[in-house]
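> The structure is given below, and queries will be raised subsequently.
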Amino acid sequence: MSGRYKNCVCRIPGHGGTDPGAVNTALGLREADINLDTALRLERILKNRGYETKMSRTTNKFVSLTDRANMANEWGADYFISVHSNANENPEVSGTETLYYPGSRRGEALAKEVQNQMVLQLHRGNRGIIPRPNLAVLRLTKMPAILAELAFVSNLEEAELLSTPEFRQAAAQGIADGLTQFLKEQ
């Protein structure tokens with residue numbers, strides 16, 4: 001536990017403003033909107049559990065990747081969780097995955113717990129945890145950091161799920177449960 005708080009968690013809803021992220025035009029679904037709604041739901045769950053939380057954005061505005069990492073570092077966040085929805089050129093690709101910075105043992109452990117809990121909550125294929133060295137928000141943060149990819153906007157079945165409040169709530173619950181499980185094991 002941090003001496004300052006009961007775990008300061010920085011939640012980063014991916015994309016926003018001029019950057020909508022992946023878009024499913026058939027459903028009018030924008031990744032930035034999914035990510036923000038899920039991150040806001042995650043914030044409510046974590047605050048109810050007694051965590052101090054901060055967000056890089058609470059509205060549809062653009063925040064650069066470097067600024068997101070710098071914010072978390074300046075806030076002194078204990079953990080960094082970036083919420084995203086995935087996309088692929090192949091519309092058949094589906095599932096949930098969680099990314100972490102290679103070499104970060106605590107980041108990898110956090111990714112593992114979040115991934116396990118998201119798969120339990122979302123009932124999607126388990127694409128596993130993946131080390132990603134070139135993602136600025138994972139590389140530039142000073143704390144254990146993960147990027148949770150909930151499901152694929154490019155897959156029609158998963159896009160329909162991502163468009164529902166129930167699925168977003170389940171995703172937020174999975175991320176929160178994963179963080180809680182990770183902290184129990186520390």
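The values are calculated or read from the model by the stated rules, or taken from the named source; none is laboratory data. Remember, predicted model here, so these are calculated numbers, not experimental data. Methodologically, a virtual Cβ is constructed for each residue, glycine included, from the backbone with ideal geometry; neighbour enumeration extends over all protein chains shown. The area values use the complete protein model at the heavy-atom level, side chains included, leaving out ligands, DNA and RNA. Shrake-Rupley method; radii C 1.70, N 1.55, O 1.52, S 1.80 Å.
> Remind me, relative contact order of the chain in percent, using alpha carbon pairs under 8 angstrom and six or more residues apart?
The value is 27 percent.
> Next question, about the same structure. Subtracting the Cα-Cα distance from 0.36 nm times the residue separation, let me have the gained length for residue 93 to residue 62 in nm, one decimal.
8.4 nm
> In addition: Relative to the Cα centre, what is the charge dipole magnitude of segment 143-186, using +1 at the beta carbon of each Lys and Arg, -1 at the beta carbon of each Asp and Glu, and rounding to the nearest 20 debye?
With only Lys, Arg, Asp and Glu charged at Cβ, the dipole is about 220 debye.
> Residue 29's amide H: which non-local residues (gap 5+, or another chain) put their own amide H closer than 5 Å, with H modeled 1.01 Å from N in plane and none for Pro or chain starts?
24
> Residue separation times 0.36 nm, minus the C-alpha to C-alpha distance between residue 160 and residue 18: what's the value?
48.8 nm
> If you count the DSSP beta bridges with both ends in the chain, what percent of them are antiparallel, to the nearest 5?
Working: 7 of 27 bridges.
Restricted to the chain, the bridges split so that about 25 percent are antiparallel.
> Per 0.36 nm of contour for each residue apart, how much would the distance between residue 139 and residue 74 grow if the chain were fully extended, relative to their Cα-Cα spacing?
21.9 nm
> While we're on this one: Roughly to the nearest percent, how much of the accessible area of the chain is carbon and sulfur, given a 1.4 Å probe?
Roughly 47 percent, rounded to a whole number.
> Continuing with this model, one more query. So what are the three principal axis dimensions of the chain from its Cα atoms, in whole Å, longest to shortest?
Taking max minus min along each principal axis of the Cα atoms, the chain gives 48, 33, 32 Å.
> For segment 86-151, what does the relative contact order come out to in percent, with C-alpha contacts under 8 Å and a separation of six or more?
Reported as a whole number, the value is 48 percent.
> Here's another thing I want to ask about it. Measuring from centroid to centroid over Cα atoms, what is the spacing of segment 105-138 and segment 53-104 in Å?
After rounding, the separation between the Cα centres reads 12 Å.
> Hey, what's the chain come to in accessible area per residue, 1.4 Å probe, Å²?
Each residue of the chain exposes 45 Å² on average to a 1.4 Å probe.
> Could you work out how far helix 165-184 tilts from the main Cα principal axis of the chain, as a 0 to 90 degree angle to the nearest 10?
Compared with the principal axis, the helix lies near 30 degrees.
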